[in-house]
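K.L.:
Below: one structure in structure tokens.
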Amino acid sequence: MQKPIKEQKMIIIILLSNIFIPFLGIGLIIPVMPSFINIMDLSGQTMGYLVAVFAVTQLLVSPIAGRFVDQFGRKKMIIIGLFLFGVSELIFGLGTHVSVLYVSRMLGGVCAALIMPGVTAYIADVTSIKERSKAMGYMSAAISTGFIIGPGIGGFIAEYGIRMPFYFAAAIAFLACIISIFILKEPLTKEQLAEISANSKRSNILRDFKKSLHPSYFIAFVIVFVLAFGLSAYETVFSLFSDHKFGFTPKDIAVIITISSIFGVLVQLFLFGKMVDTLGEKKLIQICLVVGTILAVASAVVSSFLMVLIVASIIFLAFDLLRPALTTYLSRAAGKEQGFVAGMNSTYTSLGNIVGPALGGMLFDVNIHYPYLFAAVIMFLGFGLTFIWKVSLAEVDADTIKIG
């Protein structure tokens, strides 16, 4: 079913919309959360737990979701994920007790665990090796764009009611679910799914983790963790750091994040594919890690608004290029095990998203510069690991990897 991207624009657009919508939904609720906290009389600690339970649920479900994507098909998991996302947003909007909010966030974690590997595997199935990096760049741009425009749309919708952004997110998720049911087709035949399913049934979570330690995957998965850790730690303290050190207003911070994000999206859309063709995934990953390390340190010493904007724009770009470069490499290495690789990708991302903000917050309380410096150390260690990453794509045959 592999065809040039230009010959299957509708399918690609629907897939990108399906990954865009959950991240748009997350962004939609950002402007209303302070008011929502006041209405529900919630503490900051409770809100932290609500964020954590999403990441923990995604972490626990991701390995299973990856196997389900290989066993039951990409389309089914995408549709179930979108439906659950709609339900989770609806529950959050209707919730009047904190226990209901926890249920909503747990469902949201399940949704993320299903949609991410489902869309990633589907794109890998329908694109050629040559065009896969471009498609993965589009997917990463869709994620970033959801984050960018979500808060703005959410702020506008909130004028009609503090719970309206949640209802809107639920509505577009259900709409995307219905469209996907009728337009998307399973990219693999029943015979192909049966073959992959037979292999998946002999697997389990522990074996999946063990398989992720194989040289073809392990360094890439570690760097996935490094990326998630560095980005989440950096983003978690960015607004606090900017406020404490520079006295930036919320508007100043919003301008920096918006400009940085738009810059990253444009580069992903128009230059990422060419950069991979010219440099290759590994070299691009190394460059991004070096740039991230240097600019994480620079973030602790710059002082003017313009310099903060420039540093933030470039470091966010490095993170934005790392994600699709790693995803492209892993999809090439995966062979027919796209679901497994996409699921473990989500797992290692979740680990980074859990550990990064927690350590970042703890270090910030000690010294406001420490989160950036520690993130720089982690990224530099990730860069060092790439030098023992000796398995070339030409040597990788994921179908022959048998572990356990």
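Read-outs: derived from the displayed coordinates by stated rules, not from any lab. Computed from a predicted model, the values in this text were never measured in an experiment. FYI the Cβ positions are ideal-geometry reconstructions off the backbone, even for glycines, and counts take in every protein chain you see.
K.L.:
So if we plug the beta-carbon distance of ILE129 and ILE178 into 1/(1 + (r/R0)^6) with R0 = 35 Å, what FRET efficiency do we get, rounded to 0.05?
P.N.:
0.60
K.L.:
Would you be so kind as to identify which of SER303, THR127, LEU373 lies farthest towards the positive end of the dipole of the chain, taking Lys and Arg as +1 and Asp and Glu as -1 on Cβ and the Cα centre as origin?
P.N.:
So the residue furthest toward the plus end is THR127.
K.L.:
Another question, then. What length, rounded to one decimal in nm, is gained on full extension from PHE156 through to THR189, with 0.36 nm per residue of separation minus their alpha-carbon distance?
P.N.:
In short, 7.5 nm is gained.
K.L.:
When the helix-only estimate is applied to the chain (DSSP H runs of n ≥ 4, each -39,500 (n - 2.57), divided by the residue count), what is the mean residue ellipticity at 222 nm, nearest 500 deg cm²/dmol?
P.N.:
Theoretical 222 nm ellipticity from helices: -27500 deg cm²/dmol.
K.L.:
Continuing with this model, one more query. When you have a sec, figure out the Kirkwood radius of the stretch 284-382 from all distinct Cα pair distances and drop it here in Å to one decimal?
P.N.:
14.8 Å
K.L.:
Hey, fewest Cβ within 10 Å first, where do PHE272, PHE383 land in order?
P.N.:
PHE383, PHE272
K.L.:
Here's a follow-up. Could you go through the stretch 165-181 in sequence order and give the Karplus-derived ³J(HN,Hα) for each residue, using 6.51 cos²θ - 1.76 cosθ + 1.60 with θ = phi - 60°, rounded to whole Hz, and x for Gly and Pro?
P.N.:
Karplus-based 3J(HN,Hα) across the stretch 165-181 equals x, 5, 5, 5, 4, 5, 5, 6, 5, 5, 5, 4, 4, 5, 4, 5, 4 Hz.
K.L.:
Is there a pair in LYS185/LYS283; LYS185/LYS282; LYS9/LYS211; LYS76/LYS274; LYS75/LYS130 whose C-alpha atoms are over 26 Å apart, and which pairs would that be?
P.N.:
LYS185/LYS283; LYS185/LYS282; LYS9/LYS211; LYS76/LYS274
K.L.:
Follow-up question, since we're still on this one. Please state, as a whole number in µm²/s, the translational diffusion coefficient that the Stokes-Einstein equation yields for the chain at 4 °C and 1.567 mPa s, with Rh defined as the Kirkwood radius across alpha carbon pairs.
P.N.:
Using the Kirkwood radius from Cα pairs, D works out to 61 µm²/s.
K.L.:
Also, I was wondering about something else. Could you size up the charge dipole of the stretch 5-388 around its Cα centre, putting +1 on the beta carbon of Lys and Arg and -1 on that of Asp and Glu, and report it in debye to the nearest 20?
P.N.:
Using Cβ point charges on Lys, Arg, Asp and Glu, the stretch 5-388 gives about 980 debye.
K.L.:
Still on this structure, I have one more. Only Cα pairs within less than 10 Å get springs; with that Gaussian network setup on the chain, which residue of LEU94, LEU321, LEU373 has the largest fluctuation?
P.N.:
Checking each option, the largest mean-square fluctuation is seen for LEU94.
K.L.:
Between ASN18, ASN345, ASN38, where does the largest GNM mean-square fluctuation fall for the chain, given springs only between Cα atoms within less than 10 Å?
P.N.:
Top of the fluctuation ranking is ASN38.
K.L.:
What FRET efficiency comes out for the pair ASP365/VAL100, r = Cβ-Cβ distance, R0 = 35 Å, nearest 0.05?
P.N.:
Efficiency, from the Cβ-Cβ distance: 0.65.
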